[in-house]
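Heads up: the structure comes next, in structure tokens.
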Amino acid sequence: MSVATATDRVFNFSAGPAVLPLPVLEQAQRELVCLPGVGASVMEISHRSPAFEAILSDATERLKSLLNVPENYRILFLQGGSRLQFSMIPMNLLRGSQTPAEYLVTGSWSQKAVDEALREGPVRITWDGKPHKFDRVPADSDLQIDPQAPYAYITSNETIQGVQFHTEPNVGEVPLVCDASSDFLHRPVDINRYGILYACAQKNAGPAGVTIVIIREDLLARGADSLPGYLNYREHAENNSMYNTPPTFAIYMFGLVAKWLQEEIGGLDAMHALNREKAAMLYEVVDASNGFYG
């Protein structure tokens, strides 16, 4: 049986699950059967073992370092993808509220989030890109946010419509909730601007299976005790992301990606510069195609 090498790999432009850095895959390949010093695969060890606790701690600390996550935020490693977050967010922040949550609908994914939020409570579509055929995101002058709203929700990058927030919208003191799944870790962001920032890993940060939630601590108290435990952010925070058995392999892989970003790329400023360079090469071809690609 032949062993595939790096030269056998095709050019892969899948939106997600997306390409992983080759050094990450090669390290995972070397360690797949037996983690150094452990004697078993990461997929076989207990999530309560010192070995996995070290993996979880390392992944958490690397993410804190990459994004300069303040001390009053918690990092959770969950399951269920963005689809579950579409529901968990209103369950924790909107349930029982008489004041609508504010949703900025810039494409398909933010609309799906609205559809789920309506099951839990009142929602106001603060800005709707549909009349503009989703060709842009709103300017701050387009927004009138109720200062009493429980939260304001955005999708940072709409992959289907191709529009992206390059800066956070001004929502005042209202907690800003962001689905950053498709552009997570592609550039530095100011976490202080967010109440919750979350991303499923398979776009930029690892394989499918883990959803990373960065949540401001004061918002943990807003989840009602009547919520099922798994759907309550507070339960996950109190149990250090181990309320149930976490996706151990996906967390391990995320830790390797975070290490690669830190040690081989040089952090998110360097990653952003590299991304801009790649985008410029692509758009040069698009612009020179006389409308063929435009």
key: Where residue 265 falls short, out of the listed (1) free of Cβ contacts under 8 Å to residues at least 12 places away in the same chain; (2) exposed (fewer than 13 other Cβ atoms within 10 Å of the Cβ)   = (2)
request  = Could you list, in sequence order, all residues of the stretch 213-223 that are outside any helix (DSSP H, G or I) and out of contact with any helix residue (DSSP H, G or I) (no Cβ under 8 Å at 6 or more places or on another chain)?
outcome  = 216
key: Given (1) under 18 Å from the mean Cα position of the chain (by Cα); (2) touching a residue at least 40 places away in the same chain (Cβ under 8 Å), number of the condition residue 27 does not satisfy   = (1)
task = Scan (1) within 17 Å of the chain's Cα centre (by Cα); (2) buried (at least 16 other Cβ atoms within 10 Å of the Cβ) for the single condition residue 97 breaks and write down its number.
result = (1)
task = Please determine, by comparing only the residues of the stretch 59-88 that are outside any helix (DSSP H, G or I) and either out of contact with any strand residue (DSSP E or B) (no Cβ under 7 Å at 6 or more places or on another chain) or modelled with pLDDT under 95 (or both), which one is farthest from residue 227 (Cα to Cα).
result = 68
ask   = Residues in the stretch 168-204 that are basic (Lys, Arg), part of a loop (DSSP other than H, G, I, E, B) and surrounded by fewer than 22 Cβ atoms within 10 Å (Cβ to Cβ): how many?
value = 1
query = Only one residue in 22, 56 is out of contact with any Leu (no Cβ under 6 Å at 6 or more places or on another chain), within 29 Å of residue 180 (Cα to Cα), exposed (fewer than 13 other Cβ atoms within 10 Å of the Cβ) and modelled with pLDDT of 90 or more, so which one is that?
reply = 22
query = Would you say residue 81 is surrounded by fewer than 17 Cβ atoms within 10 Å (Cβ to Cβ) and small (Gly, Ala, Ser)?
reply = no
message = Among the residues of the stretch 111-130, what is the count of those that are out of contact with any helix residue (DSSP H, G or I) (no Cβ under 8 Å at 6 or more places or on another chain) and in a loop (DSSP other than H, G, I, E, B)?
response = 3
key: Flag for residue 227 being in contact with a helix residue (DSSP H, G or I) (Cβ under 9 Å, 6 or more places away or on another chain), in a helix (DSSP H, G or I) and in contact (Cβ under 8 Å) with a residue 40 or more places away in the chain   = no
key: One residue from 145, 154 being in contact (Cβ under 8 Å) with a residue 24 or more places away in the chain, buried (at least 18 other Cβ atoms within 10 Å of the Cβ) and outside any loop (DSSP other than H, G, I, E, B)   = 154
task = Identify, from the list 84, 20, 63, 78, the residue that is under 19 Å from the mean Cα position of the chain (by Cα) and over 27 Å from residue 265 (Cβ atoms).
result = 84
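The values are calculated or read from the model by the stated rules, or taken from the named source; none is laboratory data. Everything numeric in this text was worked out from a predicted model, so none of it was measured. Neighbour counts are summed over all protein chains in view; Cβ atoms, including those assigned to glycine, are modelled from backbone coordinates with ideal geometry.
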